[in-house]
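**Q** Below is the structure I would like to discuss, written out as structure tokens.
The values are calculated or read from the model by the stated rules, or taken from the named source; none is laboratory data. No experiment lies behind these values; they were computed from the predicted model shown. Cβ placement follows ideal geometry from the backbone for every residue including glycine, while neighbour counts extend to all protein chains displayed. All accessible areas refer to the heavy atoms of the entire protein, side chains included, with ligands and DNA or RNA removed. Shrake-Rupley method; radii C 1.70, N 1.55, O 1.52, S 1.80 Å.
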Amino acid sequence: MENRSCFSLRLDGLTKYLEGLNLQNLALEKVMSGKADCILILLEHEPVLTVGKSGGRENLLVDESELERLGVELQSTGRGGNITYHGPGQVVAYPVLNLGKWKKDLPWYVHSLEEVVIRVLEDYGIEAGRKPEYRGVWVKETKIAAVGIAVKRWFTMHGFALNVRVNKEHFKLINPCGIKDYTIASMDDFVDSVDLHEIIESVEEKFSLVFKSKLIEVSREWLESGQSEGETRLA
């Protein structure tokens, strides 16, 4: 493992989208100030549709009053890509990295995020891969994980979302990522029993391997404080 200061924060329960975004911004401050090279935030969101910088409202298939009735938020976001869904039963990973500590190469970074997911799925006997024309991770003709990033001066935000046991009815509210030709998959389509906490641990393990960095677990209090890596309190 390379000598990088990398931390992991797991959030319990469901997190509102804007709350997760605020935590990313706090992580970005720590990384940009040199107090960490990487902070990986892992969580489940409350039901939300997010619209990327490329647009996507044209791929919303219902009006906003129907979203309100269903309890699904609609939020604009600074990541790349089109419209996508986050919700319960989906592991969302937000790696906030200083890519200068790894490689200043965006295709490499996206490929590496996809590789993390592919290796997680491999452990469950799910054969997954990529499609040259689309980001994300695919099982044959179905999309099981979305990838959307934001990068400024080689500092990253946003990341990927892996469908574990999601409400597929919510995906029918949109053309996910603007794609009309393919359908959505979830791990529970292929595996009888999936444990979300176990999969989060697997994401941490595979992230550590792909990015060649040891992850140290930290608490939300540490992230919200001004502590540096030397003062890290373990979760």
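**Q** Within region 1-42, can you find the residues that are in contact (Cβ under 8 Å) with a residue 12 or more places away in the chain, of a type in the set (D, E, K, R), surrounded by fewer than 17 Cβ atoms within 10 Å (Cβ to Cβ) and closer than 23 Å to residue 77 by Cα?
**A** 16
**Q** Here's another thing I want to ask about it. I need the full set of residues from region 1-11 which are more than 15 Å from residue 99 (Cβ to Cβ) and at pLDDT below 95, in order please. Don't jump to the end; show me each part of the working.
**A** Looking only at region 1-11, we keep the residues that are more than 15 Å from residue 99 (Cβ to Cβ), and these are 1, 3, 7-11.
Matches in region 1-11: 1, 3.
**Q** Only residues that are in a loop (DSSP other than H, G, I, E, B) and either within 22 Å of residue 204 (Cα to Cα) or of a type in the set (A, V, I, L, M, F, W, C) (or both): list them for region 35-70, please.
**A** Those that are in a loop (DSSP other than H, G, I, E, B) and either within 22 Å of residue 204 (Cα to Cα) or of a type in the set (A, V, I, L, M, F, W, C) (or both): 35, 36, 37, 46, 61, 62.
**Q** Separate question: Every residue in region 91-126 that is outside any helix (DSSP H, G or I) and either without any contact (Cβ under 8 Å) to a residue 24 or more places away in the chain or more than 17 Å from residue 37 (Cα to Cα) (or both), please.
**A** Those that are outside any helix (DSSP H, G or I) and either without any contact (Cβ under 8 Å) to a residue 24 or more places away in the chain or more than 17 Å from residue 37 (Cα to Cα) (or both): 91, 92, 103, 105, 124, 125, 126.
**Q** Same structure again: Is it the case that some residue within region 98-105 is crowded, with 17+ Cβ neighbours inside 10 Å, out of contact with any helix residue (DSSP H, G or I) (no Cβ under 8 Å at 6 or more places or on another chain) and more than 30 Å from residue 3 (Cβ to Cβ)?
**A** No, region 98-105 contains no residue that is crowded, with 17+ Cβ neighbours inside 10 Å, out of contact with any helix residue (DSSP H, G or I) (no Cβ under 8 Å at 6 or more places or on another chain) and more than 30 Å from residue 3 (Cβ to Cβ).
**Q** Related question: Out of region 167-187, which residues are at pLDDT 95 or above and in contact with a strand residue (DSSP E or B) (Cβ under 6 Å, 6 or more places away or on another chain)?
**A** Residues satisfying the conditions are 185, 186.
**Q** I would also like to ask the following. Every residue in region 1-32 that is within 22 Å of residue 212 (Cα to Cα) and not in a helix (DSSP H, G or I), please.
**A** Residues satisfying the conditions are 1, 2, 3, 4, 5, 6, 7, 8, 9, 10.
**Q** Now for a different question. Here's a check for you: in region 127-164, which residue that is surrounded by 18 or more Cβ atoms within 10 Å (Cβ to Cβ) and not in a strand (DSSP E or B) is nearest to the chain's Cα centre (by Cα)?
**A** Here the residue is 164.
**Q** Scan region 27-39 and tell me whether some residue there is over 10 Å from residue 96 (Cα atoms) and acidic (Asp, Glu).
**A** So far as region 27-39 goes, no, none of its residues is over 10 Å from residue 96 (Cα atoms) and acidic (Asp, Glu).
**Q** Please enumerate the residues belonging to region 57-73 that are modelled with pLDDT of 90 or more, open to solvent by 40 Å² or more (accessible area, probe 1.4 Å) and hydrophobic (A, V, I, L, M, F, W, C).
**A** Correct list: 70 only.
One line per residue, one yes/no per condition, for (1) outside any helix (DSSP H, G or I); (2) open to solvent by less than 80 Å² (accessible area, probe 1.4 Å); (3) of a type in the set (Phe, Trp, Tyr); (4) at pLDDT 90 or above:
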position	(1), (2), (3), (4)
205	no, no, no, yes
213	yes, yes, no, yes
216	yes, yes, no, yes
222	no, yes, yes, yes
226	yes, yes, no, no
